[in-house]
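Worksheet: the structure to be examined is printed underneath.
The values are calculated or read from the model by the stated rules, or taken from the named source; none is laboratory data. Since this is a predicted model, take the numbers as computed values, not measurements. Here the Cβ is made from the backbone with ideal geometry for all residues, glycine too, and neighbour counts use every protein chain on show. Surface accessibility is based on the protein's heavy atoms, side chains included, excluding ligands, DNA and RNA. Shrake-Rupley method; radii C 1.70, N 1.55, O 1.52, S 1.80 Å.
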Amino acid sequence: MLRVENIRKSFSGVAVVRDVSFDVRPGEVHALAGANGAGKSTLMNIVSGVLTPDSGTMFWDGSPVELKTPADGRALGISFVHQELALVPQLSVGENVFLGRHPVNRWGVAWDEIHRRTRELLAAMGHTLDPARLVKELGVAEQQLVEIARALASEARLIIMDEPTAPLSGAETTRLFGTISELRARGVSIIYITHRLPEIFQLADRVTVLRDGRHVLTCDTSAITPEELVRKMVGDAPAFVGGVQPAGRSRELFRVVGFTAAGKFEDISFDVNAGEVLGLAGLVGAGRTELIEAIFGFGTHDRGALYLDGTQIRIRSPFDAVRHGLALVPDDRKAKGLVANASVGFNLGLTSHHQFLLRPRRLRESAGRAVRDLRVTLSSLDQPVTTLSGGNQQKIVLGKWLLVGARVYFLDEPTRGIDVSAKAEIHNLIGGLARDGAGVVVVSSEIDEILGVADRILVMHRGRIAGELARANASEERIVELATGGE
């Protein structure tokens, strides 16, 4: 159905996609794998008409086509569910699902039809979102579901999904897999981009690997092992090593007492010790993100107290949190962690401009060291941060806090959308922060990650702490049991 031949694309003289060729068959789930910066998203932006290639040819149903805009791609039946969500927050769920193609009747927009068809699409994925609800009121996982529903509503023949399960819970992921199977049975093709290797072998018929912008291989998933696939993806780069060994607990550094926000979380109390990595597990919607954002002054709460080194502190805004030595890496880097139109250097200096106000050269030198230490792939500190791959953008969100030197780090899904090599680097960074005496709180939906990095694990269920597990006593089964309330 789709074939691309010798596609090439460069930005600012740097080749991002280098003479790549591959094809997609009707009714096939075709996984696209590779490290961050391998060129996956750029290639798919070309396939969908978001970008035009410098050279190469694209064929659709055997005929050469030239896509100049995303509308050209949609006219062929190509839909792209981007990793960075592209919804209009001020509009409703239904309006976003049918954006640009609202059904009409003789009185105008057919709202009843929009709401009915939106409910049907969401029900097919096992979800019951209100079509009239505003998108800005939704969490990241729910917004991702709206994106997927919009692709289904377009009756696309080829749907490109870029890390679709990154913000989803286990149950939501299972429902999405069921939807993908139904689409495949109807002859719809899926290009599936993910860093989660089990998903590739569970879903995909074939897999294509890119590395450094080049095509490495295309083969049936039955013809390659997970270990071989990792080697093809990362080459000589270090592979994921399964976590770190933190320094262990020492004196109490930070304490939360009785934190409550009606409808979000209730009576949360815990402590973080110097040199400790504390894991915070739970299903999407359990209140983990709302809790740490409220602690950081980014959200509201009704009551509760915070203590640093045994002294009560008041945090009414993120500025107060930074002043007291707290850092927050948010779950949504696009909306909460980066200034999208600014340069890499500007974003790295966001939390420390006041330290270098009269010494811009020092700021640039520090930003350069952070880029080298984090192994960020870029051509210049002056390039827009949005031109980086998703994994490198995540490193920038982390890097800006390293320039400040915080005492307590709250990391919300720090490796979401990160490849196996970059994940190992970030896990080692987490261990290094703990060994240097910081307290680190890691929120993650990946149980393997929590088990790998945490000294202790707190599990949340419906806004409450359901249990605490020591590293030695923690298991996937026990975490799932607590996260689901024993169900």
| Which numbered condition Gly399 misses (of (1) on the phi > 0 side of the Ramachandran plot; (2) touching a helix residue (DSSP H, G or I) at 6+ places or on another chain (Cβ under 7 Å); (3) small (Gly, Ala, Ser)) | (1)
| task | For Pro64, work out the one condition from (1) assigned to a strand (DSSP E or B); (2) open to solvent by 20 Å² or more (accessible area, probe 1.4 Å); (3) within 14 Å of Asp162 (Cα to Cα) it doesn't fulfil. | result | (3)
| said: Just to be sure I understand, how many residues within the range 463-477 are surrounded by fewer than 15 Cβ atoms within 10 Å (Cβ to Cβ) and not polar (S, T, N, Q)? | reply: 5
| task | Give the number of residues within the range 167-195 that are part of a loop (DSSP other than H, G, I, E, B) and under 13 Å from Leu32 (Cβ atoms). | result | 2
| Right, Arg101: assigned to a helix (DSSP H, G or I) and basic (Lys, Arg) or not? | no
| said: Here's a check for you: in the range 94-113, which residue that is closer than 22 Å to Phe80 by Cβ and aliphatic (A, V, I, L, M) is most open to solvent (accessible area, probe 1.4 Å)? | reply: Leu99
| request: Within the range 114-121, identify whether any single residue is under 21 Å from Gly285 (Cβ atoms), open to solvent by 60 Å² or more (accessible area, probe 1.4 Å) and touching a helix residue (DSSP H, G or I) at 6+ places or on another chain (Cβ under 9 Å), and answer yes or no. | output: yes
| request: Give the range 371-391 a look and list any residue that's open to solvent by less than 10 Å² (accessible area, probe 1.4 Å) and either farther than 23 Å from Arg288 by Cα or part of a strand (DSSP E or B) (or both), or say none. | output: Val385
| request: Working carefully through the options Lys395, Lys400, find the one that is in contact with a Leu (Cβ under 9 Å, 6 or more places away or on another chain), basic (Lys, Arg), under 22 Å from Phe410 (Cα atoms) and free of Cβ contacts under 8 Å to residues at least 40 places away in the same chain. | output: Lys395
| field | Filtered residues of the range 76-92 (kept if in a helix (DSSP H, G or I) and either in contact with an Asp or Glu (Cβ under 7 Å, 6 or more places away or on another chain) or modelled with pLDDT under 90 (or both)) | value | none
| message | I'm checking my understanding of the structure. Among residues of the range 205-230 that are surrounded by fewer than 22 Cβ atoms within 10 Å (Cβ to Cβ) and part of a loop (DSSP other than H, G, I, E, B), which one is modelled with the highest pLDDT? | response | Asp205
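Each row is one residue, and each column tells you yes or no for (1) free of Cβ contacts under 8 Å to residues at least 60 places away in the same chain; (2) more than 21 Å from the chain's Cα centre (by Cα).
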| residue | (1), (2) |
| --- | --- |
| Ser41 | no, no |
| Val47 | no, yes |
| Leu51 | yes, yes |
| Thr57 | yes, yes |
| Ser63 | yes, yes |
| Lys68 | yes, yes |
| Gly77 | no, yes |
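So that you can scan it fast, the table gives a plain yes or no per residue for (1) under 19 Å from the mean Cα position of the chain (by Cα); (2) open to solvent by less than 10 Å² (accessible area, probe 1.4 Å); (3) under 19 Å from Val81 (Cα atoms); (4) without any contact (Cβ under 8 Å) to a residue 12 or more places away in the chain:
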| position | (1), (2), (3), (4) |
| --- | --- |
| Ala141 | yes, yes, yes, no |
| Glu155 | no, no, yes, no |
| Met161 | yes, yes, yes, no |
| Tyr192 | yes, yes, yes, no |
| Phe201 | no, no, no, no |
| request: Take the range 324-342 and flag every residue that is touching a helix residue (DSSP H, G or I) at 6+ places or on another chain (Cβ under 9 Å) and open to solvent by 30 Å² or more (accessible area, probe 1.4 Å). | output: Asp332, Lys334, Ala335, Lys336, Val339, Ala340, Asn341
| request: State all residues of the range 418-437 that are outside any helix (DSSP H, G or I) and open to solvent by less than 10 Å² (accessible area, probe 1.4 Å); if no residue qualifies, say none. | output: Ile418, Asp419
| said: Of all residues being under 30 Å from Ala424 (Cβ atoms) and either of a type in the set (D, E, K, R) or out of contact with any strand residue (DSSP E or B) (no Cβ under 8 Å at 6 or more places or on another chain) (or both) in the range 67-85, which is surrounded by the most Cβ atoms within 10 Å (Cβ to Cβ)? Just the residue, please. | reply: Leu85
| query | Which one of these does Ile396 not meet: (1) touching a Gly at 6+ places or on another chain (Cβ under 9 Å); (2) surrounded by fewer than 24 Cβ atoms within 10 Å (Cβ to Cβ); (3) more than 27 Å from Ala286 (Cα to Cα)? | reply | (2)
| request: Determine if the range 381-396 includes at least one residue that is farther than 30 Å from Leu145 by Cβ and in contact with a Ser or Thr (Cβ under 6 Å, 6 or more places away or on another chain). | output: yes
| task | From the list Gly282, Gly297, pick out the single residue that is in contact (Cβ under 8 Å) with a residue 12 or more places away in the chain and over 22 Å from the mean Cα position of the chain (by Cα). | result | Gly297
| request: Just give me the residues in the range 440-457 being open to solvent by less than 10 Å² (accessible area, probe 1.4 Å), part of a strand (DSSP E or B) and more than 17 Å from Gly399 (Cα to Cα), in sequence order. | output: Val443, Ile457
| remark: Sole miss for Val146 among (1) in contact with a strand residue (DSSP E or B) (Cβ under 8 Å, 6 or more places away or on another chain); (2) crowded, with 21+ Cβ neighbours inside 10 Å; (3) at negative phi; (4) not small (Gly, Ala, Ser) is condition (1)
| said: If a residue must be of a type in the set (Gly, Ala, Ser) and not in a helix (DSSP H, G or I), how many such residues does the range 392-408 contain? | reply: 2
| field | Residue that is touching a His at 6+ places or on another chain (Cβ under 9 Å) and surrounded by 21 or more Cβ atoms within 10 Å (Cβ to Cβ), where the choices are Ala321, Ala281, Ala286 | value | Ala286
